[in-house]
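Values quoted throughout were computed directly from the atomic coordinates according to the rules given, and no laboratory measurement underlies them. Worth saying up front: this structure is predicted, and the values here are computed from it rather than measured. Here the Cβ is made from the backbone with ideal geometry for all residues, glycine too, and neighbour counts use every protein chain on show.
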Amino acid sequence: MDKFATLADPNRRSILEMLARKGQLSVKDINDGFDISAPAVSQHLKVLREADLISVEKQAQQRIYSINTKGIDEVWAWLNMMRQYWNERFDALDTLLIEDTDNGQ
């Protein structure tokens with residue numbers, strides 16, 4: 001599943017933010033943080049899991065969720081690549097504009 005499509009949903013981003021702040025959380029703890037139904041939260045957790053952005057671990061009767069750092073690292077790598085690309089493009093534009101200004105144009 002595409003990580004960026006997954007992150008497009010505000011509830012999924014909120015779940016990730018909650019996990020980033022609090023670490024490992026049970027489904028109940030995650031559900032308590034939302035005004036949507038428990039099945040809706042479960043569906044969001046499933047999508048986040050399928051996108052490898054979170055992981056789940058069974059502890060007795062509970063499922064404990066946490067951030068999958070490898071999945072997040074893939075997002076960061078892409079974002080950094082795009083940042084580098086655009087920084088290079090803007091630097092080239094700056095150079096061109098300075099040359100045009102220096103040439104009286």
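Any idea what angle helix 10-22 forms with the longest principal axis of the chain, computed on alpha-carbon atoms, 0 to 90 degrees, nearest 10? Helix 10-22 and the main axis of the chain meet at about 80 degrees.
Calculate the tail of P(r) for the chain: the fraction of all Cα-Cα distances greater than 22 Å, expressed in %.
Tail of P(r) above 22 Å: 45 percent of Cα pairs.
Counting only residues at least eight positions apart within a chain, or on another chain, the aspartates and glutamates with an alpha carbon under 17 Å from that of K28 are E17, E57. Rounded to 0.05, the FRET efficiency of the D9 and D91 pair, given R0 = 35 Å and the Cβ-Cβ distance, is 0.50.
When the chain is treated as a Gaussian network with alpha carbon springs shorter than 10 Å, the biggest mean-square fluctuation among Q62, Q43, Q84 belongs to Q84.
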